[in-house]
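What follows is a single structure, written as structure tokens, with notes after it.
Read the figures in this text as sums done on the coordinates, not as results from a lab. Bear in mind that the values here come from a model prediction, so they are computed numbers and not experimental data. Quick reminder, even Gly has a Cβ in these numbers, built from the backbone with ideal geometry, and neighbours come from all protein chains shown.
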Amino acid sequence: MKKKGLSIRGMIYASIFGAVTAAGAYIMIPLPPVPITLQTAFLSLAAALLGGRLGALSQVVYLLIGIIGFPVFAGGKAGLGVLLGPTGGYLIGFVAGAYVIGKLVEMRQRPGFIWIVFSMAIGTAVIYLFGVTQLALIARVSIDKAITVGVLPFLIGDTLKIAVAALIAVKIRDRVGIVD
């Protein structure tokens, strides 16, 4: 019977990927209302390599780093106010998106590139769902407008990030693998 707790190794990996996601916030193309960053590439990689639980935990670590005041959110922002603002739904969606990606990848014994890309695309859609919902509610705009400004400008970039993250995951998974 497999124990339900997290291993020290798993928590270390989740913490490292949380920190790497934070670093990804500083690699960006500034476009309103949500800059294009490498955060989602690192999130997708974490989830594909660590699985649902640890992938989501890595993003909880990332959010906690930002909530306590370190400027790790896109644009060097920090604090709980960012999560409660118009773009906070995307960040909250990071946890759910990572969980979904990881769980989908876990469904296969040795998932191939296409399955990993599919998993990352579904996880990205989950992030968009959280983000667009909060953007529409807080900014008081229609869902159509929220999709126009909060999804469409990022589809090409996110597609490229998914392809690269999936390729990296396939190449290095045997060195990292799901650890819990």
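Here are some notes:
- Counting only Cβ charges, +1 for Lys and Arg and -1 for Asp and Glu, the dipole size of the stretch 108-174 around its Cα centre is about 160 debye.
- A Cβ-based charge dipole, computed about the Cα centre of the chain with Lys and Arg at +1 and Asp and Glu at -1, lands at about 500 debye.
- Taken over the stretch 8-174, lysine pairs spaced eight or more positions apart, or on distinct chains, with alpha carbons under 26 Å apart number 6.
- Structural size metrics of the chain, computed from C-alpha coordinates, are Rg and Dmax of 15.5, 50 Å.
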